[in-house]
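> Right, I'll just put the structure down here and ask away after.
The values are calculated or read from the model by the stated rules, or taken from the named source; none is laboratory data. Small disclaimer: the values here were computed from a predicted structure and weren't measured. Here the Cβ positions follow ideal geometry from the backbone for every residue, glycine too, while neighbour counts run over all protein chains shown.
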Amino acid sequence: MQNFGVAITGSGSAVPTNSLSNEVLTQLVETSDEWIATRTGIRSRRLASANDSLQAIATQAAWQAIAMAKIAPTDIDLIILATSTPDDLFGSACQIQAALGATQAVAFDMTAACSGFVFGLVTAAQYIRTGVYQNVLLIGADILSRWVDWKDRRTCVLFGDGAGAVVMQTSNRDRLLGFELKSDGTQNQCLNLTYQPQSQPLVNDISVAQGNYQPITMNGKEVYRFAVQRVPEVIDKALFRANLKADQIDWLLLHQANQRILDAVAERMHIPQHKVISNLARYGNTSAASIPIALDEAIRAKKIKDGDIIAASGFGAGLTWGAAIFSWGR
Ligand code: UT7
C-alpha cells in the first residue's frame, strides 16, 4: 500500500478576552503571586465567561489555521476536536463544522485530556498516510475553568482556557518524523474530572444514575513526578523512531503545565533553554490547547521557521502522554 506524507501547513489560536492575574486571584484563595510564579511560572490566565463557548474559540482558531494553509473550509475532509470540555457531551466538533461551512468534512471529538493535541495529531496523520483524507483540521481546545473548584488553591491557580488549531495536509515529503503514545490507567486517580452518579428510583426496582461532574482533583506531586520522568522517555522514543538525536531538535514544545516541568525535561535531555517554547506565564495550563497555542504564537512570531524540527509532548489525565517529532512547513 502506498504511504502518503503528512505536513502541518497552517496554525491558529484564540483565547477568551477576560484575563485573571495572580494578584487578583489572591482575592479568591489564600495564595500569592510569588508562590504561583515561582512554583509554576504562571502569571495570568484567560477565562471564558458565560458568553464564550468552546465552539466559538475553537472556530476562531480554526479560521486562522485554514487561512494560513490557504485552503477553503470545503476542502476539509476531517475535523478532529481534542477536548475534555465540550459544550455538548455528545461532542462539539459538528458545531464547528457547521460554523466553518466545512460541508465535506466528517467531524468528531476526541478526549485525551492534556495529551489530546498530540494524540489528535497522530490520529489525523493515520488518515492522511493511508490516503483516506487529504486535508485535516485538528483543534485542541478546553475551557477547564468550568470544572475548576475555585476554592481549591492547589488547582485553581493552574488552569486557563483557550483553543489552538492546525491544518494537516497530504504532502510529498513526510514531515511527521516519529511519534510515541502511552497510557497508564493504573494511575488514573492522579487527575480526575469525574461523574458522580446519584441513584434516582424510576419504577419498581429500576433506578438510574443522574448526577453531576465533580470539580477537578489532582495529586500535583504525583503528576509532577510522572511528567518529569515519562516525558523525556517518550520524546527519546519518538526521536529514535525519527532517527534523530536530541541535539537535532530546534524546538522543545511541551504541554504548558508548569515552567519547572519544562525546565526539568529540558535539563534531563540536555536541550538548552533558548530552544524551549514557553507561554504559560500568560495563559496557564490550557490542557489540549496549550501546545497548539504555543506553536501558533511561535510560528507567527517567526521564531519557528520552515523546516525547523519540533519535539512536541503532551501529558496529563488518563494518565496519558505522548510525543511527536515533526518539521514545520509544506
Ligand atoms: O495538565 C496536567 C498536568 N498537570 C501538571 O503537570 C501539574 C503537575 N504538578 C505541579 O505542577 C505541581 O505539583 C503544583 C504546581 C501543582 C504544586 O507545586 P508543588 O511544589 O508540588 O507544591 P505542593 O503541592 O507540594 O505544595 C507545597 C505547599 C503546601 O503547603 P504545606 O503542606 O507545605 O504547608 C501547599 O498547601 O504549598 C501549598 N500550596 C499553596 N500555597 C500558596 C499549594 N497550592 C498553593 C497556592 N498558593 N496556590
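> Which residue is farthest from A163 (Cα to Cα), if the candidates are limited to segment 235-291 and must be of a type in the set (S, T, N, Q), in a helix (DSSP H, G or I) and in contact (Cβ under 8 Å) with a residue 60 or more places away in the chain? Working first, answer last.
Taking segment 235-291 and keeping what is of a type in the set (S, T, N, Q), we get 243, 248, 256, 258-259, 273, 278-279, 285-287, 290.
Within this subset, residues satisfying the condition of being in a helix (DSSP H, G or I) are 248, 259, 273, 287, 290.
When the remaining residues are screened for being in contact (Cβ under 8 Å) with a residue 60 or more places away in the chain, the result is 248, 259, 287, 290.
On the way: Q248: 29, Q259: 20, S287: 9, S290: 8 Å.
The qualifying residue farthest from A163 (Cα to Cα) is Q248.
> Consider C114 carefully, then state whether it is assigned to a helix (DSSP H, G or I) and buried (at least 21 other Cβ atoms within 10 Å of the Cβ).
Yes; evaluated as a whole, the condition is true for this residue.
> If you don't mind, another one. Only one residue in F90, F119 is part of a loop (DSSP other than H, G, I, E, B) and out of contact with any Phe, Trp or Tyr (no Cβ under 6 Å at 6 or more places or on another chain), so which one is that?
Criteria check complete, one pass: F90.
> Based on this model, can you work out whether D174 counts as more than 16 Å from the ligand (Cβ to nearest atom) and out of contact with any Pro (no Cβ under 9 Å at 6 or more places or on another chain)?
Yes, satisfied.
> Out of (1) within 11 Å of the ligand (Cβ to nearest atom); (2) more than 29 Å from L47 (Cβ to Cβ), what's the single condition that is false for S290?
(2)
> Follow-up. Give the residue that is farthest from the chain's Cα centre (by Cα), with candidates limited to residues of segment 6-38 that are surrounded by 16 or more Cβ atoms within 10 Å (Cβ to Cβ), in contact (Cβ under 8 Å) with a residue 40 or more places away in the chain and outside any strand (DSSP E or B).
Result: T31.
> So, in segment 135-179, of the ones that are part of a strand (DSSP E or B) and of a type in the set (F, W, Y), which residue ends up surrounded by the fewest Cβ atoms within 10 Å (Cβ to Cβ)?
This residue is F179.
> Another one. With respect to the numbered conditions (1) in a strand (DSSP E or B); (2) at pLDDT below 95, which one is the sole condition not fulfilled by N3?
Going through the list (1) in a strand (DSSP E or B); (2) at pLDDT below 95, N3 breaks only (1).
> Right, here's the next one. Only one of these conditions is not met by I310: (1) outside any helix (DSSP H, G or I); (2) away from the ligand (no atom under 16 Å from the Cβ); (3) out of contact with any Phe, Trp or Tyr (no Cβ under 8 Å at 6 or more places or on another chain). Which number is it?
(3)
> Could you tell me how many of the residues in segment 229-258 are farther than 19 Å from T286 by Cα and not acidic (D, E)?
The number of residues fulfilling the criteria is 18.
> Return a yes/no flag: does segment 58-68 have any residue that is part of a loop (DSSP other than H, G, I, E, B) and either without any contact (Cβ under 8 Å) to a residue 12 or more places away in the chain or more than 21 Å from N285 (Cα to Cα) (or both).
The answer is no; no qualifying residue exists.
> Sort out which residues of segment 188-246 are within 16 Å of the ligand (Cβ to nearest atom) and of a type in the set (F, W, Y), and write them in order of number.
In the first step, residues of segment 188-246 are kept if they are within 16 Å of the ligand (Cβ to nearest atom); the result is 188-194, 215-235.
Y224, F226 - these are the residues of segment 188-246 that are within 16 Å of the ligand (Cβ to nearest atom) and of a type in the set (F, W, Y).
> Look at segment 69-115 and say how many of its residues are more than 21 Å from A7 (Cβ to Cβ) and within 16 Å of the ligand (Cβ to nearest atom).
8
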